[in-house]
Amino acid sequence: MPLVWVGHLKGFKQMERCTGLDTFENVLSCTANLPIKHFFCGGKPGVAIQLQQACAQKLGNSNIVGTYSPPFTTMSDEEFAILGAMINASGANVVWIGLSTPKQEIFAANLAKHVNVNYMFTVGAVFDFFTGNIKRAPGWIQKFGLEWLYRLLKEPRRLFSRYAEVVPTFIWLNAKEYFMYLFGTRK
């Protein structure tokens, strides 16, 4: 939602919120009867398998060709090569990565060197939301863009340091860019 607010400030009034969960559900639902194959990477052991079963049950999509729960330690390039070979052998077109930020973005960048897929999505807690392992914020909290605060209050030990770094940096960089935009120092 903060991205939507920034977009509105910059004149993109039609911009709307689209969460990772919205994207995940829409793509999996729309591809249920197409020859598009999905691979899930992420979550605690067993969560990706739960997600595979939930997609078949809730969305009618049985085109999930593999799952992998990465270790909580940093993977070596050799381990990424092995995972990449497994994904390539599965014939996956789309890889969904459900880890925490920024771990998932780093994971995706390393994995991209070893896979031949059409798309990779990093979707954070979507695996846990969709399987019901983590409850989402109520709709009114989401509407006001406070889902991050709801999650922080639910998991302060895990999320405080991330939000303490990410939120001020986001505000600073966007404020700086906005003032440059307002005062004509943009190129």
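Readers should treat all values here as calculations from the given coordinates under stated rules, not as data from a laboratory. Everything numeric in this text was worked out from a predicted model, so none of it was measured. All Cβ positions, glycine included, derive from the backbone under ideal geometry; neighbour counts span all protein chains shown.
Odds and ends about this structure:
- Under 16 Å from the Arg17 label point (7 Å along Cα→beta-carbon), backbone N, segment 141-163: 141-153
- Backbone geometry of segment 74-80 corresponds, through the Karplus equation with coefficients 6.51, -1.76 and 1.60 at θ = phi - 60°, to 3J(HN,Hα) couplings of 5, 8, 7, 4, 5, 5, 5 Hz, x marking Gly and Pro.
- Counting only DSSP H runs of at least 4 residues, each contributing -39500 (n - 2.57), and dividing by the residue count of the chain, the helix-based mean residue ellipticity at 222 nm comes to -16500 deg cm²/dmol.
- Selection of trypsin sites (Lys or Arg not before Pro), segment 71-144, meeting DSSP coil and at most 15 other Cβ within 10 Å: Lys113, Lys135
- With respect to the chain, whose longest principal axis is taken over its alpha-carbon atoms, helix 156-182 is tilted by about 50°.
- Dipole axis of segment 1-151 (+1 Lys, Arg; -1 Asp, Glu on Cβ), positive-most option in Pro71, Ile49, Val4: Val4
- Acute angle (nearest 10 degrees) that the helix 103-112 long axis makes with the longest principal axis of the chain, alpha-carbon atoms: 50 degrees
- Applying the Karplus relation 6.51 cos²θ - 1.76 cosθ + 1.60 with θ = phi - 60° to segment 19-24 yields 3J(HN,Hα) values of 7, x, 5, 4, 4, 4 Hz, where x marks Gly and Pro.
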